[in-house]
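Here is the structure we will look at.
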Amino acid sequence: AMEAIEAKEQEDYKLCLEKDNASLKLEDQPRTRLHLSSCQYRSGKHKEALREAQKALDMGIARKDSALMKVARERVKQLIELMPHVTFRAPKGVTELEVTFDGREVPSESLSKKFSVDPGTHTVTAKGTVNGFPSEFEETVEVKEKDLAEVIIKLTPKDAQITKTQVECMYRAKTQEEVQKCLPQKRRALVVHLGTELSAYSDTNSVYVISPSANASITSPTAGWNIGGNVLLDVLSAASPDIISYASPPYRERRYAGGLNAGYKFGKLTAQAAANVSSEPDYLSRTIGGAILAELADKSITPRLGFNYTNDTIGRGPFRLCDATSVDDQGRNPCRRPFTILAPELGVTFVMSPTTLLMVGGTVQIERGDQSKPYRHVPMFSPEIAAKVNVGQDIQTVDEARLALRPAEQLPLSRERYALAGRLIRRMNTSQTLRLEERVYMDTWGIFGSTTDARYLIDLGRHFRVWPHGRLHAQSAANFYQLAYSSPLDPGTGAPIVPTYRTTDRELQSMVTGTFGGGARIDLGNPAGDIHPGITFTADAMYSYYFASLFLRGRTAVYGTVAFDVEF
């Protein structure tokens, strides 16, 4: 220890460090650590000096040495005040950004944080892709005590195709945006996207669905307009409210659907419009809608206001037979029932950081009309028998115990739905991305629900991405849903009294559904090229448990999709 003190007095701090470290190996003394901290500070090693002073303070607290605690606490406070820091300003419009500080990688999500550093000269390097050009950055930073140095990362391409004029322009540039303006712009006048996919579904209720579809869009990034369309065909072996919108008899049928959308950008505002139609033998749905988006705070905040209107026609049988049905006194065809939906929506997207995106929104859905399933009939029971019906009661027992009366399903003629949703997308590092979604729901039928969805996307190279997927949905029952409906006799007439609202729809009861699966994406082209084809595979298994359902307690389903798309 004496040799270390003499070395410090002679300003031989290298020898001081050697002697103090040797002394600590023989005996760990807090005052030796304080002396070591002093030599480290004078050697310009502020971070190590703070670490040793903090250790001495911890030892003083453990030993209840008030004198040591006072000296160590003052040393820690002094070093914290003198400690220099560095932070980084990440460039915009750069992909595959990698930053190092003195040879150590700085995580992309931490660039905006303040890092404690030793005073002196440091080297910052970065690389990424700007406008399709591999680009680099290197800068030497001189940091003094108490400094907060901000390193503005400005990538410049290292490419023989860059002209002398462009190099001079980049040299004069003050920001990354100015650098990008100096480069040849790779924005194409038109971007075309084509896609097709095939989806399949099967469950333990013997429902099988095959759904081929196709989509296409054309976007002009320079002119600010876009237009697109899609078509879909559902081929199903049986009707199920779990996979399609409305029930129909257990036979093969087809549903055709298609849509068009278009948009135009006016400065910082973008207007979008869409129209969709869906047709089945006994159901026709038409929807039109639009939305306005705004770019605020340098595109870091994007609010969206939208509105959709849906006008449906529900047939009590195939429309070709309904058309032959006579109209009533008010000129309406009782075989065709109207159903309308008004749906305003509001959402906001926040760019929290270069690696974090947050989207929140809310929707209101106002439904009017009779959406009862025309083919669904509800078994009725005497009050005494209804009380004894069990969850999952088999069909034979139900048929033997029910009354002869079996009225059609009847739902309320109005419904308001309310939902709040949020989505968080965070780039965890250069190869992994987390996506979380949460949706809470309630309606005027008394249903409260929550849906949580999570994906963790992992890039296994530049051309291959995989992800696990999980979802959990839970909801309460509609206020009129019952496991078994009772039909008491009217004391006056002796006729059975049928409940005003009645259903056997499992989706209106208390239930929990868990989904787990995953997917993969293969990019077939060169990421830096002009043509970007790719193939996507997804597969999921789903189990639903029903708390108050006739005939079954649960359902297992599997579904998957194979998709191909190309952009050029």
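Select, from R415, R427, R406, R402, the only residue that is among the basic types (K, R), at pLDDT 95 or above and in the same structural domain as V498 (by TED's automatic domain parsing).
When all the criteria are applied, what remains is R415.
Sort out which residues of segment 334-352 are assigned to a strand (DSSP E or B), surrounded by fewer than 17 Cβ atoms within 10 Å (Cβ to Cβ) and not hydrophobic (A, V, I, L, M, F, W, C), and write them in order of number.
The answer is P338, T340, P344.
With modelled with pLDDT of 75 or more and in contact with a Cys (Cβ under 6 Å, 6 or more places away or on another chain) as the only criterion, which of R336, R316 stands out?
R336
Among the residues of segment 71-84, are any buried (at least 16 other Cβ atoms within 10 Å of the Cβ), part of a loop (DSSP other than H, G, I, E, B) and touching a strand residue (DSSP E or B) at 6+ places or on another chain (Cβ under 9 Å)?
Yes; the residues of segment 71-84 include at least one that is buried (at least 16 other Cβ atoms within 10 Å of the Cβ), part of a loop (DSSP other than H, G, I, E, B) and touching a strand residue (DSSP E or B) at 6+ places or on another chain (Cβ under 9 Å).
Tell me the residue from E178, E142, E136, E168 that is more than 26 Å from the chain's Cα centre (by Cα), at pLDDT 90 or above and over 30 Å from G554 (Cβ atoms), please.
Result: E142 is the single residue among E178, E142, E136, E168 that is more than 26 Å from the chain's Cα centre (by Cα), at pLDDT 90 or above and over 30 Å from G554 (Cβ atoms).
Select from segment 374-421 the residues that are under 43 Å from the mean Cα position of the chain (by Cα) and among the hydroxyl-bearing types (S, T, Y) and write down the one among them that is farthest from F551 (Cα to Cα).
So the residue we want is Y418.
Is it true that S116 is surrounded by fewer than 14 Cβ atoms within 10 Å (Cβ to Cβ), touching a residue at least 60 places away in the same chain (Cβ under 8 Å), hydroxyl-bearing (S, T, Y) and not assigned by TED's automatic domain parsing to the domain that holds R42?
Spelling it out, S116 is indeed surrounded by fewer than 14 Cβ atoms within 10 Å (Cβ to Cβ), touching a residue at least 60 places away in the same chain (Cβ under 8 Å), hydroxyl-bearing (S, T, Y) and not assigned by TED's automatic domain parsing to the domain that holds R42.
Restricting segment 489-503 to residues that are under 57 Å from the mean Cα position of the chain (by Cα) and assigned to a loop (DSSP other than H, G, I, E, B), which is surrounded by the most Cβ atoms within 10 Å (Cβ to Cβ)?
Here the answer is T503.
Restricting to segment 456-488, count the residues that are surrounded by fewer than 18 Cβ atoms within 10 Å (Cβ to Cβ) and either over 21 Å from P407 (Cα atoms) or out of contact with any helix residue (DSSP H, G or I) (no Cβ under 6 Å at 6 or more places or on another chain) (or both).
Going through segment 456-488 one residue at a time, the tally reaches 17.
Can you tell me which residue is surrounded by the most Cβ atoms within 10 Å (Cβ to Cβ) among those in segment 200-233 that are under 25 Å from the mean Cα position of the chain (by Cα) and under 23 Å from G554 (Cβ atoms)?
Restricting to residues being under 25 Å from the mean Cα position of the chain (by Cα) and under 23 Å from G554 (Cβ atoms), the top hit is Y201.
How about segment 439-457: which of its residues are over 19 Å from S544 (Cβ atoms) and either among the polar types (S, T, N, Q) or without any contact (Cβ under 8 Å) to a residue 12 or more places away in the chain (or both)?
Correct list: T444 only.
Given L472, L420, L457, which one is under 21 Å from A520 (Cβ atoms), in a strand (DSSP E or B) and either among the acidic types (D, E) or not assigned by TED's automatic domain parsing to the domain that holds F350 (or both)?
Result of the check over L472, L420, L457: L457.
Could you tell me which numbered condition P412 fails, if it satisfies all but one of (1) under 30 Å from Q365 (Cα atoms); (2) part of a loop (DSSP other than H, G, I, E, B); (3) without any contact (Cβ under 8 Å) to a residue 60 or more places away in the chain?
Of (1) under 30 Å from Q365 (Cα atoms); (2) part of a loop (DSSP other than H, G, I, E, B); (3) without any contact (Cβ under 8 Å) to a residue 60 or more places away in the chain, only one is false for P412: (3).
The values are calculated or read from the model by the stated rules, or taken from the named source; none is laboratory data. Bear in mind that the values here come from a model prediction, so they are computed numbers and not experimental data. When we count neighbours, we look across all protein chains shown, and the Cβ atoms used for this are built from the backbone with ideal geometry, even at glycine.
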